[in-house]
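The values are calculated or read from the model by the stated rules, or taken from the named source; none is laboratory data. Remember, predicted model here, so these are calculated numbers, not experimental data. Here the Cβ is made from the backbone with ideal geometry for all residues, glycine too, and neighbour counts use every protein chain on show.
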Amino acid sequence: MKSWGVVFQGVGAYLPGAPISNKELQERHGLVFDLEKHEATTGIRARHWAGALEATSHIAAGAAKVALVRAEVDAKDLDRIILGTSSADHTNLAAACRVQQLIGATCPASDITAACAGFIYALEQGANLVRTGSQRVLVIGADTKSRFIRANDPVFGPIFSDGGGAVVLAPTEREGEGILDIRLWADGSGFETLYVPAGGSMMPASKETVEGNLHGTMATMPGKELALAAAAKMAELGMEVLERNGYAAKDVDVFIPHQANYYIMRRIAESMGIPEERMEVAIDRVGNCIAGTIPIALEQAYAQGRSKPGALVLLVAAGAGYSGGAVLYKVPRGNG
């Protein structure tokens, strides 16, 4: 069987509702936090939260529709839909099935849960499908993390947000273009370091879990320590995927790390030797959309002309689980 190369035929993103500024978050939503310190350390100035009738599937479908239009692909021609998310609409079924219905597709659809690395995990699965014969695979990263903020949480409340991005994957015969490499990583020893305690099979929802405020994200490791560990792992994964393909950090044209904290993003770039001006930054306007951050930033890079033909793009993520990954991508010089 022929093994095909894989390219992004279309890229899209979707953010629900109007942007919510930090000041509005304090005044309208009652979150108490040091605004000046928050902006200085995280870089987040605004975010989007889903409306009462919106769920992750709606956000994912919104991003998918944009990607399909740009790819000039009809949803009915898709071979597969893969959604990376840790905030599915329901616990008993894939939100991707709802996405399939919302966009008018008929292909198989499934979810992948890998927290902040969800999009990269989904991308790896989608790329493997294309390499073995699938013609059009829709890969999405989307989350509605505002629904999983503990009441009056001054740490995650101003950080978590809602949004998503999508890519349509297609085959190419040209060597040295498209997805050059993907590296995945996981370490289950940290599975309770950053998690939502209740609502799953380990601790089903009950009156006690609701009263105990156990349905929002909790960290069992100091935030700074957790962030620094994630930064080190992202830098390690990024350097590994570069080096095993014969590239150096100086060769990277567009660097897209998981967008959780601007200070940490800058630290990753600096430790790798990637100039800060080559780092794609979307966190200031969208916050931390978990699996949605990388595809949203990727769409921004395309929309603003930074992902030019021939550009070398590096994606890296690490987060809860622990899970992480890196993708090395060469923007095609022509169609496909």
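Looking only at residues that are in contact (Cβ under 8 Å) with a residue 40 or more places away in the chain and among the small types (Gly, Ala, Ser) in segment 76-89, which one is farthest from residue 146 (Cα to Cα)? It would help to see each step written out before you state the result.
Within segment 76-89, the subset in contact (Cβ under 8 Å) with a residue 40 or more places away in the chain is 77-87.
Applying the additional criterion that residues be among the small types (Gly, Ala, Ser) yields 84, 86-87.
Values: 84: 17, 86: 12, 87: 10 Å.
That would be 84.
Residues are listed down the side, and each one gets a yes or a no for (1) in contact (Cβ under 8 Å) with a residue 60 or more places away in the chain; (2) among the hydrophobic types (A, V, I, L, M, F, W, C):
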| position | (1), (2) |
| --- | --- |
| 157 | yes, no |
| 174 | yes, no |
| 194 | yes, yes |
| 199 | yes, no |
| 204 | no, no |
| 212 | no, no |
| 225 | no, no |
| 234 | yes, yes |
Give just the number: which of (1) crowded, with 18+ Cβ neighbours inside 10 Å; (2) on the phi < 0 side of the Ramachandran plot; (3) touching a helix residue (DSSP H, G or I) at 6+ places or on another chain (Cβ under 8 Å) does residue 241 not satisfy?
-> (3)
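Yes or no: segment 136-148 includes at least one residue that is of a type in the set (A, V, I, L, M, F, W, C) and modelled with pLDDT under 90.
Of all residues in segment 136-148, those of a type in the set (A, V, I, L, M, F, W, C) come to 137-140, 142, 148.
Keeping just the survivors that are modelled with pLDDT under 90 gives 148.
Yes.
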Within segment 300-332, work out how many residues are among the β-branched types (Val, Ile, Thr) and either surrounded by fewer than 19 Cβ atoms within 10 Å (Cβ to Cβ) or out of contact with any Pro (no Cβ under 9 Å at 6 or more places or on another chain) (or both).
-> 2
Could you list, in sequence order, the residues of segment 8-31 that are out of contact with any Gly (no Cβ under 9 Å at 6 or more places or on another chain) and either modelled with pLDDT under 90 or basic (Lys, Arg) (or both)?
-> 23, 24, 26, 27, 28, 30
Across segment 95-105, what is the number of residues that are free of Cβ contacts under 8 Å to residues at least 40 places away in the same chain and out of contact with any Leu (no Cβ under 7 Å at 6 or more places or on another chain)?
-> 4
Might you check whether a residue that is surrounded by fewer than 17 Cβ atoms within 10 Å (Cβ to Cβ) and within 23 Å of residue 190 (Cα to Cα) occurs anywhere in segment 282-289?
-> no
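Helices (runs of 4 or more DSSP H) wholly in segment 3-114 with at least 1 residues that are assigned by TED's automatic domain parsing to the domain that holds residue 293, over 26 Å from residue 301 (Cβ atoms) and of a type outside the set (Gly, Ala, Ser) - which ones? Explain how you work it out, then say what you get.
Numbers: elements: 22-29, 35-42, 56-71, 95-103.
In segment 3-114, there are no helices (runs of 4 or more DSSP H) which contain 1 or more residues that are assigned by TED's automatic domain parsing to the domain that holds residue 293, over 26 Å from residue 301 (Cβ atoms) and of a type outside the set (Gly, Ala, Ser).
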Can you tell me how many residues in segment 298-325 are under 17 Å from residue 250 (Cβ atoms) and aliphatic (A, V, I, L, M)?
-> 5
Exactly one of (1) under 13 Å from residue 319 (Cα atoms); (2) at pLDDT 95 or above is unmet by residue 188. Its number?
-> (2)
Does residue 163 fit the bill of being surrounded by 20 or more Cβ atoms within 10 Å (Cβ to Cβ), modelled with pLDDT of 95 or more, touching a helix residue (DSSP H, G or I) at 6+ places or on another chain (Cβ under 7 Å) and not acidic (Asp, Glu)?
-> yes
